[in-house]
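Structure first, then comments.
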Amino acid sequence: MKKIRLMFMSTVVVMIVLAGLFSNATLAHRHRQAWQEETIELELKENNLYGAVRTPLANDLFDMMEIALEDEYLALTTYLMIMDAYEVTNPFASIARSEVRHIASLHKLFEAYDLDIPEDRSAEFVKLPASLVRAFEAGIHAEIENIAMYEAFLNQELPTNVRNVFNALTRASENHLKAFERGLEQTSNRQATN
């Protein structure tokens with residue numbers, strides 16, 4: 001009887017694992033799960049309710065645009081703070097310039113719908129990562145969260161202009177993610193040889 005139960009439990013576990021492997025989860029979601037399992041957190045102040053963490057709370061177009069803008073503000077502030085504290089430029093400087101363009105694109109959407117542009121409150125929520133390695137990890141985590149946020153929004157009914165902006169920002173974040181992953185590898189390798 002024990003063997004039958006063990007075989008049944010093993011079969012169920014294998015089925016669950018296979019279902020997970022063959023699900024249509026995107027790369028960003030798989031990255032996100034891996035980060036959560038490793039308990040690597042973006043170093044934000046406690047009780048953060050700003051940016052991508054608010055994704056599930058989006059109920060309408062304005063909410064999605066506001067949350068997206070908050071997340072872009074958050075990224076820019078974080079990357080500027082990291083550059084200043086660690087006197088590092090690559091890849092943070094080019095990504096920060098990109099974040100400025102992302103913010104401008106979102107501002108245009110607010111203007112197109114005659115909506116007030118939310119103020120940038122990101123400095124209230126950002127905490128400087130404890131090291132340059134942690135800074136790259138924070139960048140990776142932020143981009144994973146950003147991609148997941150846009151993918152969730154893109155699954156909704158959206159006007160064409162909003163969909164186009166969200167698609168463009170998703171692609172940019174995928175590039176930022178790759179740059180941070182390379183930066184983390186290079187920084188970790190340098191520290192290992194010192």
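Read-outs: derived from the displayed coordinates by stated rules, not from any lab. Quantities reported herein were computed from a predicted structural model and do not represent experimental measurements. Cβ coordinates were reconstructed from backbone atoms using ideal geometry, including for glycine residues, and neighbour counts include every protein chain displayed.
Going by average Cβ neighbours within 10 Å, how do the peptides 78-90, 95-107 rank, with the highest at the top?
95-107, 78-90
Of the peptides 113-124, 51-62, how do they stack up when ordered by the mean number of other Cβ atoms within 10 Å, highest first?
My ranking of the peptides, most packed first, is 51-62, 113-124.
Count neighbours as other Cβ atoms within 10 Å of each site's Cβ, and list the chymotrypsin sites (Phe, Trp or Tyr not before Pro) in region 134-194 that are DSSP loop with at most 14 such neighbours.
none
List the trypsin sites (Lys or Arg not before Pro) in region 122-194 that DSSP assigns to loop (not H, G, I, E or B) and whose Cβ has at most 14 other Cβ atoms within 10 Å. Which are they?
Passing sites in region 122-194 are K127.
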